[in-house]
């Protein structure tokens, strides 16, 4: 029985990653640092999960001679980056990716629980939700954020935390991810994964997902199928997810994962 949907945030709920990059650059400039992360560099840095960890990795690999002083400055850099990100999300009115708001509405109407499992910090999640939902709306029953997990993705910790807070086993949920590390994290927690490509994960292999698509799609604006399960009309809806999940239960077998490098 499908009882919950669990979403990653960055690249899955919305195309947030470039705003994170811009926010880091604003923080660097505010503190008089000459650093500037372009899109190509940031794509490489995204192999390190978590903003704080990403910053520490950059310091260690690109500014090793000044590492001690820069690590001491890192908390202020990250705090300024978080504030800048919130401002950028609000200024841009960043919208959710195709199909996300629709699927959330369908799930809430059907009594399916909703959760977030992300490596980003809670203020970043709150800002994105504030821009996309009314002030009195609570779209997610559970939010498990990066600073609450001992280990970042691809470790399963944040998904296990979300499942524990939902109070359900992994067999009764589906995870939504956009990255190789995210898929590995959800799989390690025992979750089936539906993968959607995002701007910064175009080159990622999506091995381990049971379906790989460009986005969830909207009626009249179908998604692009990549591999695995295909969705009628190029739209992922709750009814289709329930049918797929029920088929897995009926067969008494684990979900069928794909292997793809496309």
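The values are calculated or read from the model by the stated rules, or taken from the named source; none is laboratory data. Here the structure is a predicted model, which is why all the values come from computation and not from measurement. In this analysis, Cβ positions are derived from the backbone assuming ideal geometry, glycine residues included, and neighbour counts consider all displayed protein chains.
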Given (1) at pLDDT below 95; (2) over 28 Å from residue 165 (Cβ atoms), residue 71 misses just (1)
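Going through 136, 147 one at a time, which residue ends up being assigned to a helix (DSSP H, G or I) and either within 14 Å of residue 8 (Cα to Cα) or out of contact with any strand residue (DSSP E or B) (no Cβ under 6 Å at 6 or more places or on another chain) (or both)?
Details: 136 fails: assigned to a helix (DSSP H, G or I).
Of the residues listed, the single one that is assigned to a helix (DSSP H, G or I) and either within 14 Å of residue 8 (Cα to Cα) or out of contact with any strand residue (DSSP E or B) (no Cβ under 6 Å at 6 or more places or on another chain) (or both) is 147.
Which one is nearest to residue 160 (Cα to Cα) among residues in segment 204-228 that are free of Cβ contacts under 8 Å to residues at least 24 places away in the same chain and part of a loop (DSSP other than H, G, I, E, B)?
First, pick out the residues of segment 204-228 that are free of Cβ contacts under 8 Å to residues at least 24 places away in the same chain: 213-214, 219-220, 222, 224-225.
Applying the additional criterion that residues be part of a loop (DSSP other than H, G, I, E, B) yields 214, 219-220, 222, 224.
Working: 214: 26, 219: 33, 220: 36, 222: 32, 224: 30 Å.
If we take residues in segment 204-228 being free of Cβ contacts under 8 Å to residues at least 24 places away in the same chain and part of a loop (DSSP other than H, G, I, E, B), then 214 is nearest to residue 160 (Cα to Cα).
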Subset of segment 70-91, residues in contact with a helix residue (DSSP H, G or I) (Cβ under 7 Å, 6 or more places away or on another chain) and over 21 Å from residue 53 (Cα atoms), comes to 88, 89, 90
Q. Do we find that residue 54 is within 22 Å of residue 201 (Cβ to Cβ), surrounded by fewer than 18 Cβ atoms within 10 Å (Cβ to Cβ) and modelled with pLDDT of 95 or more in this structure?
A. no
When (1) part of a helix (DSSP H, G or I); (2) within 22 Å of the chain's Cα centre (by Cα) are applied to residue 29, the one that fails is (2)
By residue number, the members of segment 123-142 that are in contact with a helix residue (DSSP H, G or I) (Cβ under 7 Å, 6 or more places away or on another chain), closer than 16 Å to residue 86 by Cβ and without any contact (Cβ under 8 Å) to a residue 60 or more places away in the chain are 123, 127, 131
Yes/no for residue 99 being in contact with a helix residue (DSSP H, G or I) (Cβ under 8 Å, 6 or more places away or on another chain) and touching a residue at least 24 places away in the same chain (Cβ under 8 Å): no
When restricted to 142, 174, 158, the only residue surrounded by fewer than 20 Cβ atoms within 10 Å (Cβ to Cβ) and touching a strand residue (DSSP E or B) at 6+ places or on another chain (Cβ under 6 Å) is 142
Expected single match for in a helix (DSSP H, G or I) and on the phi < 0 side of the Ramachandran plot among 115, 67 is 67
Per the filter on segment 199-226, residues out of contact with any strand residue (DSSP E or B) (no Cβ under 8 Å at 6 or more places or on another chain) and either buried (at least 24 other Cβ atoms within 10 Å of the Cβ) or at negative phi (or both) are 199, 200, 201, 202, 203, 204, 205, 207, 218, 219, 221, 222
